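Following this message is one structure expressed as structure tokens.
The values are calculated or read from the model by the stated rules, or taken from the named source; none is laboratory data. All figures in this text were calculated on a predicted structure; none of them were measured in a lab. Every residue, glycine among them, receives a Cβ derived from its backbone with ideal geometry; neighbour counts consider all protein chains shown. These area figures cover heavy atoms from the full protein model, side chains too; ligands, DNA and RNA do not enter into them. Shrake-Rupley method; radii C 1.70, N 1.55, O 1.52, S 1.80 Å.
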Protein chains: 2
Amino acid sequence: MRQVAVIGIGQTPVDEHWDKSLREIAVQAIVQALSEAGREKVDGLFVGNMMSGILSHQENLGALLADWSGMPGIEAFKVEAACGSGSAAVHLGVMAVASGFMDSALVMGAEKMTETSMAETTAALATAADADFESDHGVSFVGLNALIMQRYLYEYKWKHADFAPFSINAHENAMNNPNARLHDRISAADYRKARMIADPINLLDASPTGDGAAALVLVPLESLPSNGMPHIVIAGSASATDSIAIHDRKDGLWLSAAYTSARKAYGQAGVPPDDIDLFELHDAFSIMGALSLEACGFAERGQGPRLALDGEICPQGRIPIATRGGLKARGHPVGATGVYQILEIVQQLRGEAGENQIPDARIGMAQNIGGSGSNIVTHILKRV
Amino acid sequence: MRQVAVIGIGQTPVDEHWDKSLREIAVQAIVQALSEAGREKVDGLFVGNMMSGILSHQENLGALLADWSGMPGIEAFKVEAACGSGSAAVHLGVMAVASGFMDSALVMGAEKMTETSMAETTAALATAADADFESDHGVSFVGLNALIMQRYLYEYKWKHADFAPFSINAHENAMNNPNARLHDRISAADYRKARMIADPINLLDASPTGDGAAALVLVPLESLPSNGMPHIVIAGSASATDSIAIHDRKDGLWLSAAYTSARKAYGQAGVPPDDIDLFELHDAFSIMGALSLEACGFAERGQGPRLALDGEICPQGRIPIATRGGLKARGHPVGATGVYQILEIVQQLRGEAGENQIPDARIGMAQNIGGSGSNIVTHILKRV
């Protein structure tokens, strides 16, 4: 297998882009990534997206975006794995380029969520859960995460306020990210007083919806000049699944697909958790941040909040997370999120993260979660 | 790259399965394919599906079906390329197994179309077209194909009745396929008198919707015993795209993505069109059958109907098509169709096609079309 390098990145700000359609934000990210890579075209396009059929009446995004971004004729597919769609698209693009099936690929995620009513968007998001046994009975995604968080608080004796550092850190880091959805510094008091959504999840536990698109250009490392300039490679790319319905899991507080995919990615990259300089995890809800840290070996079971309370998730801590705002504050344009995460790691490894720069970051990990833990993709990137 | 063999197939009849949900028909096909392959599990699952989010409130089919078919934890993705979703899933599965990323894969297509109203299903199907410039203005998929057929009749001076053999052949071949949606022998008179849908397309030009699921188990050929028994390999697997909106094409009567993907597949398999023993083409509408034959080198431009009128598309003809009924009569459960096509070729190459058996079939080709020609995947299978 060939090593795969990222040679171009592109993104739109995560926002309410009412003046732009899905194809427009997607093409904006694609063109930016191609331009940065100095390419006009790639061999194949992998589009991560979850809800375009429901919310924009548009499927067939592969063909649509290949054409609209000036690459008519190339291979193009939409990949869906709920909120993990973006990183699933990256994963399949890595497979295509590493194997030699393609000599270049554009992998991207795009989602348009703010042109429809909140009720429509919430219903569309719920298609990531088990329709027959969960969502059609009325439980939303926030509701499912609330069940998990409630149980976690009970089982490990944490107080809700102990999760505040997740939200505070994410909001703080987003302050310097021009592409972030939210630019509001928050305090522990703000967190405590935030409006309840689904007990115990309040507004500051939850990531905001948004329109967004992010793109990466992948090529084999061997095709790049060895002129002493550093390259960013995808050293690990692994995915795993779990039951889609929470009640079908033996242990509702353990993200087995996070554990499996992370372990595989560590093996591929040849690095232990201790070597990871930053971790873009899937903090769609603060409870998911804690569970992800535990499944990936950064905290003992039940001790995710401890890491946060000790400041270890902050930029200067042991395992910085959400370094550009995370899902919580950069925003969570579902099918695009996994690509934003990887793009932000590329920025960090390049030393282009500005005020959010993690000093001398050399290895970064991204973990993107589909459903309430049912489809998880983990990537590890290295500067070489 | 390793050669990829098909070692198990499974399908549900294409029908109105009102007593079974999407997951039930999908699992039925998966379990059948695994059982035939003598496996309990594979490394990865690729699900071709287009409309589950809209029509069944269910996305995240990869994780759902991995779990419900007894393979919790494995990698699993949904792949969408409109009506070409099934073969796109096969294509990516071939990539995974050929490259060594996976040592086995289950590739499948599943679609549930008959539990919703015809209006809802028609609107969902239209998401394969360009929402902003085609479907949101009211044109349906039949309408788009009618525009193409109208122009074709005008340009090449055919009469509508000249397309009758496509429909007659498909219906005739479906008579002996227990999994086909329609079992009605039709005549040229029936074709002429059929109810008009969108001039010039009448009911017998159009494929029926249906619920269906089909699955294949893929492994490297090198992993199979060489005991003199024949194996079925996927010798060519290629895809290409075209503009999604018909009005964006320079030539609305030429399926450039069919031409490109077929030419690539011929090259991979090392066979010219003349060596193809049967061709499962995408006769969603009879005009698409003609255009596909032309783009793939079986007829000169504008001469597709000639081949049909001369009987060359019949089982005993030069290039048998729709040998188990095709989309027209086996049925067109959108995201599953591409997998049914390949499954039927496997049956033919194994000599298991019963009354429809093409004598000594050794090489078969399948072509699956997404949108009105915008995303096309071509496969060539060989008995070795």
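Please find, among B:6, B:42, the residue that is within 14 Å of chain A (Cβ to nearest Cβ) and either open to solvent by less than 10 Å² (accessible area, probe 1.4 Å) or under 22 Å from the mean Cα position of the chain (by Cα) (or both).
After applying the criteria, what remains is B:42.
Which residue is farthest from the other protein chains (Cβ to nearest Cβ), if the candidates are limited to the range A:95-116 and must be part of a loop (DSSP other than H, G, I, E, B) and not acidic (Asp, Glu)?
A:114
Take the conditions out of contact with any helix residue (DSSP H, G or I) (no Cβ under 6 Å at 6 or more places or on another chain), open to solvent by 10 Å² or more (accessible area, probe 1.4 Å) and over 30 Å from residue A:56 (Cβ atoms) and apply them to residue A:362. Does it pass?
Taking the combined requirement at face value, the residue satisfies it.
Continuing with the same structure: Are there any helices (runs of 4 or more DSSP H) wholly within the range A:281-342 with 3 or more residues that are farther than 20 Å from residue A:9 by Cβ and open to solvent by 10 Å² or more (accessible area, probe 1.4 Å), and if so which?
A:304-309
Looking at the structure I just gave you, is residue B:239 in contact (Cβ under 8 Å) with a residue 60 or more places away in the chain and outside any loop (DSSP other than H, G, I, E, B)?
Criteria met by residue B:239.
Only residues that are within 7 Å of chain B (Cβ to nearest Cβ), in a loop (DSSP other than H, G, I, E, B) and under 11 Å from residue A:106 (Cα atoms): list them for the range A:58-94, please.
Hit for the range A:58-94 is A:74, nothing else.
How about the range A:274-293: which of its residues are over 14 Å from residue A:368 (Cα atoms) and free of Cβ contacts under 8 Å to residues at least 40 places away in the same chain?
If the condition is that a residue be over 14 Å from residue A:368 (Cα atoms) and free of Cβ contacts under 8 Å to residues at least 40 places away in the same chain, then A:274 is the only one that fits.
Has the range A:110-120 got at least one residue that is open to solvent by 40 Å² or more (accessible area, probe 1.4 Å), without any contact (Cβ under 8 Å) to a residue 40 or more places away in the chain and polar (S, T, N, Q)?
Yes, the range A:110-120 has at least one match.
From B:262, B:198, grab the single residue that is touching a Cys at 6+ places or on another chain (Cβ under 6 Å) and either surrounded by 15 or more Cβ atoms within 10 Å (Cβ to Cβ) or of a type outside the set (Gly, Ala, Ser) (or both).
B:262
Here is a follow-up. So how many residues does the range A:133-157 have that are of a type in the set (Asp, Glu) and in contact with a helix residue (DSSP H, G or I) (Cβ under 9 Å, 6 or more places away or on another chain)?
Of the residues in the range A:133-157, 2 are of a type in the set (Asp, Glu) and in contact with a helix residue (DSSP H, G or I) (Cβ under 9 Å, 6 or more places away or on another chain).
Filter the range B:32-52 for residues that are closer than 17 Å to residue B:94 by Cβ and outside any loop (DSSP other than H, G, I, E, B) and give the result.
B:33, B:37, B:44, B:45, B:46, B:47, B:48
Helices (runs of 4 or more DSSP H) wholly in the range B:117-185 with at least 1 residues that are among the charged types (D, E, K, R) and farther than 17 Å from residue A:57 by Cβ - which ones?
B:141-156, B:164-174
For residue A:55, indicate whether it is open to solvent by 10 Å² or more (accessible area, probe 1.4 Å), under 28 Å from residue B:248 (Cα atoms) and assigned to a helix (DSSP H, G or I).
yes
Among the residues of the range B:22-35, how many are touching a residue at least 12 places away in the same chain (Cβ under 8 Å) and open to solvent by 30 Å² or more (accessible area, probe 1.4 Å)?
Residues meeting the conditions: 4.
Against the condition within 14 Å of chain A (Cβ to nearest Cβ), part of a strand (DSSP E or B) and modelled with pLDDT of 95 or more, how does residue B:369 come out, does it pass?
Against the criterion (within 14 Å of chain A (Cβ to nearest Cβ), part of a strand (DSSP E or B) and modelled with pLDDT of 95 or more), residue B:369 qualifies.
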